[in-house]
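One structure below.
The values are calculated or read from the model by the stated rules, or taken from the named source; none is laboratory data. Note that the structure is a prediction, hence the values are computed from the model and not measured. Ideal geometry is used to build each Cβ from the backbone, glycine not excepted, and the neighbour counts take in all protein chains shown.
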Amino acid sequence: MDSKRSIPDRITPEMYRQIFEADARGALILEHLCLLFSKPATTTGGVDAILKTFLNSGEHNVVQHIVRQINLANNVGADDENQEQ
């Protein structure tokens, strides 16, 4: 399977908002994901610490993607992005 699959058009930022913000169950799940996967960098342990930090960062990126989609649906930061361009 190709790792660069296209994202179906039917998945929209609004869907993320409806699931993870408007629905109380989804909001609870997002909060749980944040608690599980938003960890600080590991600063002791040499190479193992670097690998652990990379793992934590990858997990955190998934949570941040969900939050970015919710923000897009709510037009949060849209003005900031337009000003930068």
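Look at the range 50-77 and say how many of its residues are of a type in the set (Gly, Ala, Ser), part of a helix (DSSP H, G or I) and under 19 Å from PRO13 (Cβ atoms). Full working, then the answer.
Just the residues of the range 50-77 that are of a type in the set (Gly, Ala, Ser), to begin with: 57-58, 73, 77.
Filter again for part of a helix (DSSP H, G or I), leaving 57-58, 73.
After this cut, where a residue has to be under 19 Å from PRO13 (Cβ atoms) as well, the list is 73.
The number of residues fulfilling the criteria is 1.
Conditions (1) touching a Gly at 6+ places or on another chain (Cβ under 6 Å); (2) modelled with pLDDT of 85 or more; (3) of a type in the set (Gly, Ala, Ser), marked per residue:
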| position | (1), (2), (3) |
| --- | --- |
| SER3 | no, no, yes |
| ILE19 | yes, yes, no |
| ALA24 | no, yes, yes |
| LEU33 | no, yes, no |
| ALA41 | no, no, yes |
| GLY46 | no, yes, yes |
| GLU81 | no, no, no |
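When LEU35 is tested against (1) out of contact with any helix residue (DSSP H, G or I) (no Cβ under 9 Å at 6 or more places or on another chain); (2) assigned to a loop (DSSP other than H, G, I, E, B), exactly one condition is not met: (2).
Name the single residue, out of those in the range 24-59 being loosely packed, with under 13 Cβ neighbours inside 10 Å and among the acidic types (Asp, Glu), that is nearest to ALA73 (Cα to Cα). Only one residue tops the list, namely GLU31.
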